[in-house]
Ligand SMILES: [Zn+2]
């Protein structure tokens, strides 16, 4: 029995250009986890400045933060 891998509802259309610019939190890193959380809140509040700040800090992960 093979079921097609589909999900209910329409696929979420993300602005790909924005998504591509966003770093992803590194698993197991408390700082990245925190930044991802703050970024979500900022996005929900339409606070683009904080979103960008979080992205910048998250992108610095390899150098430590
Ligand atoms: Zn990190």
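Within region 44-65, which residues have the backbone N less than 16 Å from the label spot 7 Å out from residue 29 along Cα→beta-carbon, could you tell me?
Within reach of a label on residue 29: 52-65.
For the pair residue 37 and residue 50, how long in nm is the line joining their label points, each one 7 Å along Cα→Cβ?
1.3
No lab work stands behind these numbers, since they all come straight from the coordinates. In this text the structure is predicted, and so the values were computed from the model without any measurement. No Cβ is skipped: glycine too gets one built from the backbone with ideal geometry, and neighbour counts run over all protein chains shown.
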